[in-house]
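Let me begin by presenting the structure, written as C-alpha cells, before commenting on it.
Every number in this text was worked out from the coordinates using simple rules, so none of it is lab data. This structure is a prediction, so every number in the text was calculated from the model and none was measured. Heads up, the Cβs are rebuilt from the backbone with ideal geometry, glycines too, and the neighbour counts pull from every protein chain shown.
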Amino acid sequence: MKIKILLLMILATAQLLAVSQKSIEFYVKQYMEKKMNSSVQSIETLSSYPIDGTNGWKVYFLALDLDINMGGKIVAQKLNQVVFNKGGKIAFSLKDKQGKDYAKILKPKVPASAYDDKHLLAGNADARHKILLMSDPFCPFCQEIVPTLIETVQKNPKLFALYYYHLPLLRIHPASDITTKAMHVFQEKGQTRRLKQCYHLLVSEKETNPQVILKAIANKTGVYFTEQELNTQEIQRALAFDKAMKKRLMVTGTPTIFIDGIWDPTRFKYKEYLLH
C-alpha cells in the first residue's frame, strides 16, 4: 500500500532500525515543549500497536500533562497526542492511500482495567468477545443502536460481554445529566431493562428542569428518584471514572463501540460473530 507521510523528524541515523518507547516519549516531550513554549510534567504511552497494511509503521497514543504559559499565567492542561514510528522515523501524520490520516481513524486499545464488574451490563465476563460501549441516552444513533445491542448480548451471554460506560453529551443534551445518573443507579442494581427504557423518555434532550426529567424517568421506569438521591459523591465519582476512560480512549462522540479492545467505527461488527 502506498502511503503519504508527513515526516517531522528522523532520530539518530537512517541506519537506526528501531526506536524505543522511551525515545519516542523523550522526542515528543522536547517537541511539544518547543512548539508550545510549555513544560511537560509527565508523558505516558497509553497504547501502541502495528498498523495493518503500512509496511511496518506503528502507532503510539500518548497522554501528556503540561504547564502552559498563558499570558504569564501557568495553566495545567492534559493533552493526548498520536505519533507514528517506523525504524528511526517519527511522524505526527500518516495517511492511507485515500488520504485519510490514521491519527483520525485509529484509537487506543482498551486497557484490561476497563473490563471490571461495575461496568459489566450484560453477558458473561468469560464470554468469547468483549464489547465496550460509550453512550448517551439522548443521542439519536444510540437510541437506534444501543437497545438492540443490549438485547443481542442478553440473548448470547456466552458469546458477548457488554461493558457499559456513560458518556452524556451535556452541551447538546443537557437532559442527559439527570438521566445518566439514574441509569448509573439502574446499572449498579442490575436493572438492565430500566436502564434501556431511559433511551426513550418522553422529554426533550434540551430539558434542564430536573423535576421534569425525573417525572419522565418515573413514567417510563416506575422508579421515582429525588435530586438528592442522584447527586451523591458516589455517583459523581463513578461518572468521573467513565469520563476519564473516554479521554484515555480518545472518544469524541456516541455511540462508540470497541470489540475485543479495538475501536469499531462501523458499530455493527459484533453482528459478524453471530454468523459463526
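Cross-linked pairs 97/155; 78/189; 107/220; 58/246: Cα-Cα separations exceed 30 Å for 97/155; 78/189; 107/220. Can you work out the FRET efficiency for the pair residue 141 and residue 67, with r the C-beta to C-beta distance and R0 = 35 Å, to the nearest 0.05? Here the calculated transfer efficiency is 0.40.
When cysteine pairs in the chain are screened for C-beta atoms closer than 4.7 angstrom, the residues that find no partner are 198. Across the stretch 152-215, C-alpha contacts under 8 Å between residues 6 or more apart give a mean separation that, scaled by the residue count, equals a relative contact order of 32 percent. Only one of (i) 24; (ii) 19; (iii) 34 was calculated from the structure for percent of Cα pairs over 33 Å apart, and its label is (iii). For every helix of n ≥ 4 consecutive DSSP H residues, a contribution of -39,500 (n - 2.57) applies; sum these over the chain, divide by its total residues, and give [θ] at 222 nm rounded to the nearest 500 deg cm²/dmol. The helix contribution divided over the chain gives -9500 deg cm²/dmol.
Taking amide H as placed 1.01 Å from N in the peptide plane, residue 207 has its amide H under 5 Å from the amide H of 175, each at least 5 places away in sequence or on another chain. Protection proxy ranking of 240-251, 122-133, 96-107, by the mean of other Cβ atoms within 10 Å over each peptide's residues and highest first, is 122-133, 240-251, 96-107.
With both labels modelled 7 Å from their Cα along Cα-to-Cβ, the residue 26 to residue 42 distance reads 2.1 nm.
Relative contact order for the chain: what percent, with Cα pairs under 8 Å and sequence separation of 6 or more? If you can, show how the numbers build up before the last one.
Details: 464 pairs, mean separation 46.8, N = 276.
Reported relative contact order: 17 percent.
In a reduced charge model with +1 at each Lys and Arg Cβ and -1 at each Asp and Glu Cβ, the stretch 28-104 shows a dipole moment near 280 debye about its Cα centre.
Grab the Cα-Cα distance for residue 231 and residue 215, subtract it from 0.36 nm times how many residues apart they are, and report the gain in nm with one decimal. Don't skip to the end; give the middle numbers.
Numbers: separation 16, 0.36 × 16 = 5.76 nm, distance 1.64 nm.
Length gained between residue 231 and residue 215: 4.1 nm.
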